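Let me begin by presenting the structure, written as structure tokens, before commenting on it.
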Protein chains: 2
Amino acid sequence: VHLVVVGGVAAGLAAASRARRLDAEIEITVLEKGDVVSYAACGLPYLIENRIRQPEQLVLHKPDFFLRERDIRVETGAEVVEIQPQRQTVRLQSGKTLNWDRLILATGARPVHQWPEHPRLFALNTLGDAVRLHKHLAQTPPGRAAILGAGYIALETADALRHRQWRVTLHHRSADLLHRHDKELTRRLDRILNAHHIDIVHNHEVNDPLRLDADLVVVAAGLRPNSELAAQARLELGAASAIRVSPQMTTSHPNIYAAGDCAEVVHLVSGRPAWIPLGSTALKMGRVAGANAAGHRERFGGVVGTSIFRLCGLGIALTGLSAEQARQHGFEPVEVWIEAPERARYFRGRTAAVQLVADKRSARLLGASIIGQDGVAGRINVVAAALAGRMLLPDFVNLDLAYAPPFSTPVDPLLVAAQQLMKSC
Amino acid sequence: VHLVVVGGVAAGLAAASRARRLDAEIEITVLEKGDVVSYAACGLPYLIENRIRQPEQLVLHKPDFFLRERDIRVETGAEVVEIQPQRQTVRLQSGKTLNWDRLILATGARPVHQWPEHPRLFALNTLGDAVRLHKHLAQTPPGRAAILGAGYIALETADALRHRQWRVTLHHRSADLLHRHDKELTRRLDRILNAHHIDIVHNHEVNDPLRLDADLVVVAAGLRPNSELAAQARLELGAASAIRVSPQMTTSHPNIYAAGDCAEVVHLVSGRPAWIPLGSTALKMGRVAGANAAGHRERFGGVVGTSIFRLCGLGIALTGLSAEQARQHGFEPVEVWIEAPERARYFRGRTAAVQLVADKRSARLLGASIIGQDGVAGRINVVAAALAGRMLLPDFVNLDLAYAPPFSTPVDPLLVAAQQLMKSC
């Protein structure tokens, strides 16, 4: 049995490694079109910030590691140009053809717009992109940087450049940071950016980034799934043209799996397929695809839309749906924003802002945002667990959360928010 | 309508305040036998540590605050000596009698052993106890301290005295720290204590604390609920002689409620009543008792046994059941301990130890322990939320937890543990 994996970053290598762990006999080949595999894509902003000084620090393993330790053949510079489902082969750019019994697509995502190359213009999609920007920053005195985008990568990059004394302006085409359809969240993020001298131009569709008045332009706007190979092979596509997959990560072809940023995922709160490319999700999907391709039977039910990033020393975290998103999915949302100390004053407790969203009809919890100094990840994860369990607000408000003065307050900020929201339910 | 609340610390004042918020008309009286109300009992170890310099910092509100801001009459030095359920009265030590329409008992807990007073012997049950020890420490050079007990208060006190350069020895009668019946947990705590030069004598029943070779003895062993008034009034008692309550916090008398450390609580993992006195739980029970006494209808389902404390710079957190406790409750437990970095290396990620316990038959998650530097509260709370939702391990392993390098790793330590434990299920 030959398992071929297309793509060698997060999902692809998680799939290959899992398959090997469950089956010592199967033959496994990973085909990566780039020249590096197994790198920590979520660390790229910290290379830009210069917290990470050497790009090599972001490379977890080299191809020979996989061959030596896991008996997985990893080929770099191996671009697949065609999948032939009937013949169970893939054809490479080099002209070579490989047979497969099981195929896993982990082809990732890329920016929607591919701008022509220019010395002042940068993307941050691959390690190569980040290395190019990192080198440029090492040779260039700080000046004015323009960033296109409103997602967390755009904001992380703005923060990284600010750290390096660049004067940063963010441009984005709507007035909706993080694509959350949440005016209050955008307003709060605007305030944080302003307080740290990052300018932001809302409602600005940039048609030619090189005409922006800036010494450096980073395009971090608009990703799309790399699903062309799948489409050409007539595999079914779904949300945002990502590859449609079952909970077992199979595509519409029973021996072809897809995982990671190229595939869609069920949003467990809306109940509908969505496209939410994230490294941590890619690893989970990859694990399940690898297990099933190796003949086991596992499932990945979906995500609840959790994300987190650091901005100007704060943690910004989201999960579930905003009120507006909930409305679009047929819920009758009620929401609350509260501010409460993260822990005891005598443990330097700062104030966190917590938003909770619930459905008025069912009292089901639907989403949250948290902006704070400390404990942000833990608190958003509590909501993520509650959302996965379809928890109702009257149960959430009585959650048995840990309390001691170094860690929290007797009524945790999450529960303060839930108590407030109960009044609207 | 007259609501009388017996006890003015956490549960009592939460109940009175909630009743007032829901009903502006009701007459509310709080009777506290001590001379201080509304203090943060969980902060007492930090007074001993001298992180808090003035005992007054632990007092949240004085009696006149409640009268002025909430129209709640708070009487200190008002010890109730008898409850007369038929006549709906309470009799005070002073001889005075008060009528009530609804009565809430929030009488707290106290040490099992009341040792005779001695200048070298201290307890840490009330603010008064802590103030006495605080004064003593201010006047005494560091020497040798003996602490009796193995619960979190004993350990917090050991840590506080260590901070003040005392040489500390803990004595306890079993070899089971935190009463968790978990040998590996005890072993790990032993190692932390040893590394910080806190000695520990296991299996040492101390019959006369004054014969210990120490300059100072703190007794932090063995609490019991203050349920004598309830027993005399023929209210039903439950686990550990705590007052039996319904999810509405009613006792066996329909107009008498109980809340906080004097009352029992359902453990939602074992499904059985338990006695787990904790400030954060007391506040929730108080809220519900107050709401129901004011004519609303709310419920408090129970706890999952979450607790946390700081020890030698680490967070130590527990929730649910240990494997041995699970076995005692009829489960067939499997467990795993893993060690994994709390976040990216370039964000100074340290190693956390995570234990997960699940039921082999049903794959239901049953409990967790976490020992770590950062994110400990958040991670234990994720398990607490999962336990409240009776989550199964295959769902837990796919939880959509937040990931970015400053906050976690792509596969969170909780999920690393869950992946390991899946192999035993």
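The values are calculated or read from the model by the stated rules, or taken from the named source; none is laboratory data. Everything numeric in this text was worked out from a predicted model, so none of it was measured. Heads up, the Cβs are rebuilt from the backbone with ideal geometry, glycines too, and the neighbour counts pull from every protein chain shown.
State which residue is farthest from A:Val217 (Cα to Cα) when the search covers only region A:119-136 and only residues that are part of a helix (DSSP H, G or I) and in contact with a strand residue (DSSP E or B) (Cβ under 8 Å, 6 or more places away or on another chain). It would help to see each step written out before you state the result.
Looking only at region A:119-136, we keep the residues that are part of a helix (DSSP H, G or I), and these are A:127-136.
Within this subset, residues satisfying the condition of being in contact with a strand residue (DSSP E or B) (Cβ under 8 Å, 6 or more places away or on another chain) are A:127, A:129, A:132-133, A:136.
On the way: A:Leu127: 17, A:Asp129: 13, A:Arg132: 13, A:Leu133: 10, A:His136: 12 Å.
Ranking the qualifying residues of region A:119-136, first place goes to A:Leu127.
From the list A:Gly290, A:Gly286, A:Gly301, A:Gly315, pick out the single residue that is part of a strand (DSSP E or B), in contact (Cβ under 8 Å) with a residue 12 or more places away in the chain and within 14 Å of another protein chain (Cβ to nearest Cβ).
Checking each option against the conditions leaves just A:Gly315.
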Specify which of the listed residues (B:Ala146, B:Ala175, B:Ala150, B:Ala160) is buried (at least 21 other Cβ atoms within 10 Å of the Cβ), part of a loop (DSSP other than H, G, I, E, B) and either on the phi < 0 side of the Ramachandran plot or not small (Gly, Ala, Ser) (or both).
B:Ala150
Can you tell me which of (1) surrounded by 15 or more Cβ atoms within 10 Å (Cβ to Cβ); (2) assigned to a loop (DSSP other than H, G, I, E, B) is the one B:Asn203 doesn't meet?
(1)
I'd like to check something: does region A:212-220 contain any residue that is in a loop (DSSP other than H, G, I, E, B), of a type in the set (Gly, Ala, Ser) and crowded, with 24+ Cβ neighbours inside 10 Å?
yes
Right, A:Val269: in contact with an Asp or Glu (Cβ under 9 Å, 6 or more places away or on another chain), crowded, with 18+ Cβ neighbours inside 10 Å, within 14 Å of chain B (Cβ to nearest Cβ) and of a type outside the set (Phe, Trp, Tyr) or not?
no
Count of region A:353-400 residues which are without any contact (Cβ under 8 Å) to a residue 40 or more places away in the chain, outside any loop (DSSP other than H, G, I, E, B) and within 7 Å of chain B (Cβ to nearest Cβ)
5
Residues of region B:189-200 being in contact with a helix residue (DSSP H, G or I) (Cβ under 9 Å, 6 or more places away or on another chain) and outside any loop (DSSP other than H, G, I, E, B), in sequence order, are B:Leu189, B:Asp190, B:Leu193, B:Asp199, B:Ile200
Among the numbered criteria (1) buried (at least 23 other Cβ atoms within 10 Å of the Cβ); (2) more than 13 Å from every other protein chain (Cβ to nearest Cβ); (3) not aromatic (Phe, Trp, Tyr), which single criterion is violated by B:Ala233?
(1)
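Hey, among the residues in region B:41-69 that are aliphatic (A, V, I, L, M) and without any contact (Cβ under 8 Å) to a residue 24 or more places away in the chain, which one's surrounded by the most Cβ atoms within 10 Å (Cβ to Cβ)?
Per the criteria, the residue is B:Ile52.
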What are the pairs, 6+ residues apart or on separate chains, where a residue within region B:100-123 that is more than 16 Å from B:Ala231 (Cβ to Cβ) has its Cβ under 9 Å from a residue that is surrounded by fewer than 24 Cβ atoms within 10 Å (Cβ to Cβ) and hydroxyl-bearing (Ser, Thr, Tyr)?
B:Trp100/B:Thr29; B:Trp100/B:Thr89
Give the residues of region A:37-77 that are in contact with a strand residue (DSSP E or B) (Cβ under 9 Å, 6 or more places away or on another chain), within 20 Å of A:Ala282 (Cα to Cα) and of a type in the set (A, V, I, L, M), sorted by residue number.
A:Val37, A:Ala40, A:Leu58, A:Val59, A:Leu60, A:Ile72, A:Val74
Condition first: more than 22 Å from the chain's Cα centre (by Cα), of a type outside the set (A, V, I, L, M) and modelled with pLDDT of 95 or more. Now tell me which residues in region B:23-51 satisfy that.
B:Asp23, B:Glu25, B:Glu27, B:Thr29
Tell me, which helices (runs of 4 or more DSSP H) lie completely within region A:2-78 with 2 or more residues that are within 14 Å of chain B (Cβ to nearest Cβ)?
A:10-22, A:44-48
For A:Val411, work out the one condition from (1) more than 8 Å from chain B (Cβ to nearest Cβ); (2) touching a helix residue (DSSP H, G or I) at 6+ places or on another chain (Cβ under 8 Å); (3) surrounded by fewer than 22 Cβ atoms within 10 Å (Cβ to Cβ) it doesn't fulfil.
(1)
Tell me whether region B:87-104 contains one or more residues that are aliphatic (A, V, I, L, M) and exposed (fewer than 14 other Cβ atoms within 10 Å of the Cβ).
no
Has region B:414-425 got any residue that is touching a residue at least 60 places away in the same chain (Cβ under 8 Å), at the interface with chain A (Cβ under 8 Å from one of its Cβ atoms), part of a helix (DSSP H, G or I) and polar (S, T, N, Q)?
no
So, in region B:318-337, how many residues would count as being more than 8 Å from every other protein chain (Cβ to nearest Cβ) and either of a type outside the set (A, V, I, L, M, F, W, C) or in contact with a Pro (Cβ under 6 Å, 6 or more places away or on another chain) (or both)?
13
Quick check on region B:87-98. Is at least one of its residues in contact with a Gly (Cβ under 6 Å, 6 or more places away or on another chain) and under 26 Å from B:Ala231 (Cβ atoms)?
no
